[in-house]
Amino acid sequence: MLTDAHPGPLRVLVFGAALRAESTNARLASLVARMIADTGVTADLATMRDFDMPPYDGDLEASQGLPEGALALHDRLEQCDAFVISSPEYNASMPGVLKNTIDWVSRVQPQPFKTKHALLVSASPSLVGGNRGLWALRVPLEHLGTRVYPDMFSLAKAHQGFTEDGMLTDSGLQERLAATVAAFLRLVEADVRYVCLQRRWYEFPGDRTEAPVTQRAED
């Protein structure tokens, strides 16, 4: 009989993917981290500025190795059971600096995105709240084996979206975000604590669905 595989407290990296210090995505990441901490889960709050790295260059990698920023983010991801990215939307897609970060970190072996759970959120002054950028962000993460949570959260008119104490001005959206975070954490807890429940949750081409625990295709 399979038993709990994760005796310690859950830990979630919450990553604000904007460079600007006063970014609404930094505020949204901070709010999500607070919600996570309120459930008793450890929230590791980080910003893009914590992980400085140059544009990806294979020649640079060959001559100098991986940049310290990529190795630092790799280590933070490895210490967590799941991660949350709060990302702005640039030209209907993800920011180039975020894609560059994913590309660098994916070069660390074993790469840390594989089989991790992720929740994607965004904040934007636009009416769609940065949602198009999150759809673009799903592509490289899912390619790397990340289990991206189906429900994403996007805050429209984000420049008017926060109270002075960091909550959302719209109480309905505040409740929806809290419910999304809580549901995401329940999934993460079930997956990392109760291995027997993993059977047939995730089906990809090449999965061995007859196995006691699903074997992912990228294995």
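The values are calculated or read from the model by the stated rules, or taken from the named source; none is laboratory data. A quick note: this is a predicted structure, and the numbers were derived from the prediction, not measured. Accessible surface areas use protein heavy atoms only, side chains included; no ligands, DNA or RNA. Shrake-Rupley method; radii C 1.70, N 1.55, O 1.52, S 1.80 Å.
Just to be sure I understand the curve: with the Debye formula and one point per C-alpha of segment 83-195, what is log10 I(q)/I(0) at q = 0.10, 0.21, 0.24 Å⁻¹? So the normalised log intensities are -0.32, -1.17, -1.33. Give me, ordered by chain and number, the residues 5 or more places off residue 117 or on other chains with an amide H under 5 Å from its own placed amide H. Distant-sequence amide H within range of residue 117: 83, 147. Semi-axis lengths, largest first, of the ellipsoid equivalent to segment 3-52 are 25, 12, 6 Å, with √(5λ) applied to each eigenvalue of the Cα gyration tensor. Across segment 153-159, rounded Karplus estimates of 3J(HN,Hα) from the backbone phi angles (6.51 cos²θ - 1.76 cosθ + 1.60, θ = phi - 60°) give 10, 10, 9, 7, 6, 5, 5 Hz, Gly and Pro being marked x.
Over all pairs of different C-alpha atoms in segment 1-95, the reciprocal of the mean inverse distance, the Kirkwood hydrodynamic radius, equals 15.1 Å. Could you please state how large a percent of the accessible area of the chain is carbon and sulfur, counting protein chains only and using a 1.4 Å probe? For the chain, the apolar C and S fraction of the accessible surface comes to 52 percent.
The mean sequence separation of alpha-carbon pairs under 8 Å and at least six residues apart, normalised by the residue count of the chain, gives a relative contact order of 20 percent. In the chain, helical runs assigned H by DSSP with n ≥ 4 each contribute -39500 (n - 2.57); averaged across all residues and rounded to the nearest 500, the mean residue ellipticity at 222 nm is -11500 deg cm²/dmol.
Full extension of the chain between residue 22 and residue 68 yields a length gain of 14.1 nm, computed as 0.36 nm times the residue separation minus the alpha carbon distance.
Candidate membrane-span-like segments in the chain, meaning DSSP H helices with Cα atoms spread over at least 27 Å of their own axis and a Kyte-Doolittle mean of -1.0 or above, are 171-193, with no membrane implied. What the chain shows is 50 Å² of accessible area per residue, with the surface traced by a 1.4 Å probe over protein heavy atoms.
Can you give the percent of C-alpha pairs in segment 26-143 whose distance is more than 19 Å? Could you put the intermediate results ahead of the total?
Numbers: 3426 of 6903 pairs.
Tail of P(r) above 19 Å: 50 percent of Cα pairs.
Determine the percent antiparallel among the DSSP beta bridges restricted to segment 1-125, to the nearest 5. Rounded to the nearest five, the antiparallel share is 5 percent.
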